[in-house]
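Q: Pasting a structure below so you can have a look.
The values are calculated or read from the model by the stated rules, or taken from the named source; none is laboratory data. Everything numeric here is computed off the predicted structure, so don't read it as measured data. Cβ: placed from backbone, ideal geometry, glycine included. Neighbour counts: every protein chain shown.
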Amino acid sequence: MISRGPDAASQALGSARPATVGLMSDQHDGPAMDPEVADVYAANRRFYDAHESRDLGGMSAVWEHSDRVVCIHPGWPILRTWPAVEESWRRILAGPGSNQFILTNEAVAIDGDMAWVTLDENLVAAGGATGTVAATNLFSRSADGWQLIVHHGSPVMDRLLGTRSYGRLAGSGWMLRAVRYSVVAFDAGAGVVV
């Protein structure tokens, strides 16, 4: 059930107190990482490993296969349900090009059987094109471990120029360009702007 209205939102936000929080940057010189936090980081890393290696089976293993999954690729409409999300990954991973992810600013929060990772995806595409996407990945704990139920990626704009070119993100043939507070997606294959 989805609650709507300011009272429900305030109550939901007021009760969201993560039991465990970990920042990846804190782990270099500090004590050993909490095992639960390490498990979430490992699940998150499997998501990016599958993306980099263009492994649909690996990508499928990371995601929960249910109607509650949601994926928002930069410049794409909201995709809901596993079949829609799976088809998007099939298209992306089969597309031209490839990306390397350099993950920075990683943080994880865990509250019961839910965990979320916030991070910056610093992309390096074939040919040297670069771009940054701010991402949130929401995981749910199951008998099989942590499974991804929401991925949301949002392009980060260049603070000095107000624009940022992202080349062919995700190797899907889609080109993104953030222009002052709006994002334009261009399907290079179809030659259309959405």
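Q: Given the conditions (1) modelled with pLDDT under 95; (2) assigned to a strand (DSSP E or B), which single one is not true for Pro96?
A: For Pro96, the failing item is (2).
Q: In this structure, is Asn122 surrounded by 16 or more Cβ atoms within 10 Å (Cβ to Cβ) and closer than 17 Å to Ser154 by Cβ?
A: yes
Q: Here's something else I'd like to know. Counting just the residues of segment 24-72 that are aliphatic (A, V, I, L, M) and out of contact with any helix residue (DSSP H, G or I) (no Cβ under 8 Å at 6 or more places or on another chain), which one comes out modelled with the lowest pLDDT?
A: Ala32
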